[in-house]
Every structure is written in structure tokens, then in C-alpha cells.
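Novice: This structure is in C-alpha cells; I'll ask about it shortly.
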Amino acid sequence: MRLTVWIVQHVHVQDDESEDVKFIGVYSSRAHADAAVARLSTQAGFRSQPQGFFVDPYEVDRDHWGDGYVTVETAYLRLLGVEGEVWRAVCVRDLEDGSCRVDGPYPEVEGTGAQIPAGERWPVAIGDVVRCEWRPSPDGGRRLVVVGRA
């Protein structure tokens, strides 16, 4: 028999677009979770952002995150078919073997159907597994650069 509990959280978006997430509680039914939202929605901070409440079911004794910790970084790749060195910032996802997967142009939001911008030619495709290296950047610092397919 599966046991499901209901998790209530509130996400308060700050003026600077950062988020403050509050874990409200765990409830034995959707009705109890909804009652908690109703009680708290009149409280300071919550009442200004009532759309910030999230009520989600979770099955007990089951992993709800099985992919490990995911790190997304900004890397640069050199565009093809243009004069000089023209670089595009892209989002890459670290993989366990030290390689990266290209998610799309920076800033990419997962699941948005990222595409290579019109008129650009990339040396790799979105979704390709690539090798990246830290190299000197024009500003004297260092940046992560896509150096080829893995």
C-alpha cells in the first residue's frame, strides 16, 4: 500500500528577483494541506504573495531525486563562419565522467526547447556531449571554453 503525504512550501520573490523558500509542513491529506495554506495566507509576507504557495504530493519511502546533484555552468564556444574570434555563451551541464552536455545558449532554462540562434553556426549541437577546459579570458581572468565533442 502506498502512503502519500502533502508538502506545503511558500516561495516569496524578493525585489531583486531572488527567492526565499519556506518549508511550511507535511500533511496527511490534501484537505489538511489546503487548510494550512488558508490559515497562513493572511499572515505577513504570505498575504502579499498568495500565489507563492505550493502543495505537492509525495509518496513515502520513495526517492524523489535520483539524478544526483546537477551543476549547470556558463561556457563559451567559438562561432563558425565569422571573421575574428566571436564567442557565444552557452549553458553546459556537468556529467559524471568529467564531460559536459550543451543545454543551449546562455541563459538557458531547462525544458524551453532551446535552439541555436538564427544566423549562428556552432561547432557542436545542443545536446552534444563535449569537453571543456578552463582557459584565459580577454579580461585577464579565466573562463570555461568548449573545446570539442567528447
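Novice: Which angle from 0 to 90°, rounded to the nearest 10, does the C-alpha axis of helix 30-40 make with the longest principal axis of the chain?
Specialist: 90 degrees
Novice: Percent relative contact order of the chain, based on C-alpha pairs within less than 8 angstrom and at least six residues apart?
Specialist: Contact order relative to length: 16 percent.
Novice: Write down the accessible area per residue of the chain in Å², having rolled a 1.4 Å probe over the full set of protein chains.
Specialist: Value returned for the chain: 69 Å² of accessible area per residue.
Novice: Now for a separate question. Specify the residue with the greatest mean-square fluctuation among Arg88, Arg39, Arg121, computed from a Gaussian network of the chain linking alpha-carbon atoms under 10 Å apart.
Specialist: Arg39
Novice: Pick the calculated Kirkwood radius over Cα pairs in Å for this structure from [x] 17.8; [y] 16.8; [z] 19.1?
Specialist: [z]
Novice: Between Tyr106 and Arg30, take the C-beta separation as r, use R0 = 41 Å, and let me know the FRET efficiency to the nearest 0.05.
Specialist: 0.55
Novice: How much length is gained on full extension from Gln49 to Arg142, taking 0.36 nm per residue of separation minus their Cα-Cα distance?
Specialist: 29.4 nm
Novice: Modelled label-to-label distance, Arg93 and Thr4, 7 Å Cα→beta-carbon offset: nm?
Specialist: Calculated label separation equals 2.6 nm.
Novice: Contour minus end-to-end for Thr42 and Tyr69, with contour as 0.36 nm per residue of separation and end-to-end as the Cα-Cα distance?
Specialist: This chain segment gains 6.1 nm when fully extended.
Novice: Give me the one-decimal nm value for the distance between modelled label points at Arg62 and Arg78, 7 Å along each residue's Cα-to-Cβ direction.
Specialist: 4.9 nm
The values are calculated or read from the model by the stated rules, or taken from the named source; none is laboratory data. Since the model is a prediction, treat every value here as computed from it, not as a measurement. Ideal geometry is used to build each Cβ from the backbone, glycine not excepted, and the neighbour counts take in all protein chains shown. Just so you know, the surface numbers come from the protein's heavy atoms only, side chains and all, with ligands and any DNA or RNA stripped out. Shrake-Rupley method; radii C 1.70, N 1.55, O 1.52, S 1.80 Å.
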